Structure formats: C-alpha cells, structure tokens
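The values are calculated or read from the model by the stated rules, or taken from the named source; none is laboratory data. Note that the coordinates shown come from a computational prediction; the quantities given were computed from them, not determined experimentally. Every residue, glycine among them, receives a Cβ derived from its backbone with ideal geometry; neighbour counts consider all protein chains shown. Remember, those area values only see protein heavy atoms, side chains included, never the ligands or the DNA or RNA. Shrake-Rupley method; radii C 1.70, N 1.55, O 1.52, S 1.80 Å.
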Amino acid sequence: MLGPLETVVDGRSVDLGGPQLRCVLARLAVAPGRTVSVGALAAELWGAFPPADAHRTVRTYVSRLRTALRCAAGAEGLLITRPPGYQLRVDPTVVDAVRFERLAASGRQALAAQQPQLAVQRLTTALGLWRGDAFAEFDRHPAIAAEATRLERTRMSAIEARIEAALVMGLDAQVAVELEGLVRAHPTREVLWGQLMTALYRSGRQAEALSAFQLARAVLIEDHGVEPSPGLVEIHRQILRHDTALGRGGRPSGGGRPTWGGDQGVGADAPDHGSPFVPSGAAV
C-alpha cells in the first residue's frame, strides 16, 4: 500500500490481474478485517455511473481475486463473504501501512519519553517501509485516494517527529540539509519551517534562519492569506534575542509542534483493524 499496490507471498510478488481486480483488492485493503459492501465496491470502480450489471461484475471480480489469492497463498479464507459485501481477512501486521503507523506511533512515544535516539530508530524504520506514493495508481478512486491522502499526512508527521528527535540529539547541521529540501517540497508546513530555522540557528547560520522565516511568511501570505502561526513567530523572536531556550540539544520551543500548524490528531496510535487470519509469508 505504501507505494504501488503489491501482494507478496514468501518473498514473491503475486500477479492479481488487471486494474479492476487491483482496485477491488485495494478498496478491501483500505479496511482490512472490515466488511465493504458490494455497492461501495461498485462505486469505487465506476463512480456515479456504474453499468447495469455492476453488482454481478463485482462478484465476478471477487471470485477471480479469491482464486488468485488461494493459488498464491495456498489457503482459504483470505477473502470472505460478509453481507452486504466482502471482507479481506489478513493479519494487520502483514499490511505495510498498519506496520508503518504502529512504528510511527511507537517512535513518537519514545520522543515524548525523552528517548530521542530510540525515536529516530523507530521512525526511520517506519519511513523505510514506503516505496513511493501510497496507492498512486488509484488517484481517481475516491475512498482509496482519501486513504492515500491520510497516509501521506501521517508520513509527513512521522518525518517531522524524526527530525525533532534528531534536533534533540544535536544533529542540527545534518537535518538542516534535509529540511532545506523538505520546505521546498512542502512549503506550507510550518513545522518544517520552524525546525529549519532552529537547525540553521544552532548551526551558527542566524541570518539564514531569519531569512527562512521571511520566506515562510511570504509563502503563507501569498498562498493562503494568513500570517505565520504564533509558534513560528515565537521561534523568530527567540532567534532575534538569542534566547538560550533555543540552544543546542533541546526540543524547539515556541509552544510546541501543535501550535505550528502540524497535523493534530495524526499522532494517535494506529487503529486496530481486527484480528483476522493470514497465511504465513503473505503480505500486502
């Protein structure tokens, strides 16, 4: 899921068929262990204009998916009928998106417990599960695309948490280089701008840190018509007055990450997707 949709059994990628079958599997994989109705699958496949035999066609696709999964995994019960639709029964730990969210939550917990090195390790492992854009081939399918957007926001939150942990460890120069690229790619994320300003300042690059604030302010005003958040403004003020609270080896102040405009609520533990069955060696 964290890249092109791929099903792997014992280290081998499984060919599940054409785009329609892949779409059905992707929609089911968005909610592992939960029932997705035939109507919801039809809406995902054809939108507001399904063919007259849409429900029958969906059932045909599910039958073909069952056959492919049974042949590849050598087990029954991966894709079961649950009125009013179907359910993908896989162990959540074999779904890369679930593993990512659990590892990311664990990393944030380590950071909150003042264990920055452990936080960096866990968050780096979590981010390493990504192979590209989540569900990239399904951008025209609304429910799958919505899940892809949610996962991308969670990924950015994990990146910000990893960088925050690195700043606590005093790795200012290293993260400054990464942050310069990140703010170009995500220019409206104030957390990244605040971290970049902090890293530059701690690296003895005060003028560049102040310039970063001015650039962030210009972007926010031009794109959204808003001034920077109070947290980002406070970091700017701390730099101007050489506030020791912004010194090396501590967490950036200025009210903390939530006041910078980050994804509040994303840092919660990943939800439990049930405890269904998956054969050994199978992964989504």
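A few points about this structure:
- Rolling a 1.4 Å probe over the protein heavy atoms of the chain, with every protein chain left in place, gives an accessible area that is 53 percent carbon and sulfur.
- Among 83, 116, 187: highest mean-square fluctuation, GNM of the chain, C-alpha pairs under 10 Å: 83
- Cβ-based charge dipole, the chain, positive-most Cα from 128, 95, 167: 95
- For residue 130, the solvent-accessible surface computed with a 1.4 Å probe is close to 40 Å², ligands and nucleic acids excluded.
- Considering only alpha-carbon pairs that sit under 8 angstrom and 6 or more positions apart, the relative contact order computed for the stretch 11-101 is 35 percent.
- Each of 112, 78, 57 was scored by the projection of its Cα onto the charge dipole of the stretch 32-171, and the greatest displacement toward the positive side belongs to 78; charges sit on the C-beta of Lys, Arg, Asp and Glu.
- Inter-part distance, the stretch 229-248 to the stretch 19-44, computed on C-alpha centroids, equals 48 Å.
- Directionally averaged projected area (the chain, Cα convex hull): 16.3 nm².
- Of all segments of the chain bounded by trypsin sites (Lys or Arg not before Pro) found in a DSSP loop with no more than 11 other C-beta atoms within 10 Å, the longest spans 1-139.
- Maximal additional length on extending the residue 20-residue 153 stretch stands at 45.2 nm, based on 0.36 nm per residue less the C-alpha distance.
- A Gaussian network model of the chain, with springs between Cα atoms under 10 Å, assigns the largest mean-square fluctuation among 213, 49, 100 to 49.
- Here the gap between residue 133 and residue 46, fully extended at 0.36 nm per residue and compared with their Cα-Cα distance, gives a gain of 29.1 nm.
- Normalised size of the stretch 11-156, defined as Cα radius of gyration per 2.2 N^0.38 Å with N residues, equals 1.18.
- Computed from point charges on the beta carbon alone (+1 for Lys and Arg, -1 for Asp and Glu), the dipole magnitude for the stretch 11-157 about its Cα centre is near 280 Debye.
- For the pair residue 174 and residue 37 in one chain, pulling the backbone fully straight at 0.36 nm per residue adds 44.5 nm over the alpha carbon distance.
- When the GluC sites (Glu not before Pro) in the stretch 36-137 are filtered for DSSP coil states and for at most 16 other beta-carbon atoms within 10 Å of their beta-carbon, the remaining sites are 76.
- Between 196, 111, 240, the residue with the greatest mean-square fluctuation in the GNM of the chain (Cα pairs under 10 Å linked by springs) is 240.
- Just so you know, the Rg over Rh for the stretch 1-90 is 0.95, from Cα atoms, with Rh as the Kirkwood radius.
- Alpha-carbon gyration tensor eigenvalues x 5, square-rooted, for the stretch 28-68, Å: 18, 14, 7
- Net dipole in debye of the chain [+1 Lys, Arg Cβ; -1 Asp, Glu Cβ; about Cα centre; nearest 20]: 520
- For the stretch 62-137, average projected area of the Cα convex hull in nm²: 7.2
- Label point distance in nm, residue 112-residue 244, each placed 7 Å from Cα along Cα→Cβ: 3.0
- Rolling a 1.4 Å probe over the protein heavy atoms gives the chain an accessible area of 46 Å² per residue.
- Top positive-direction residue, dipole computed over the chain with Cβ charges, set 32, 67, 11: 67
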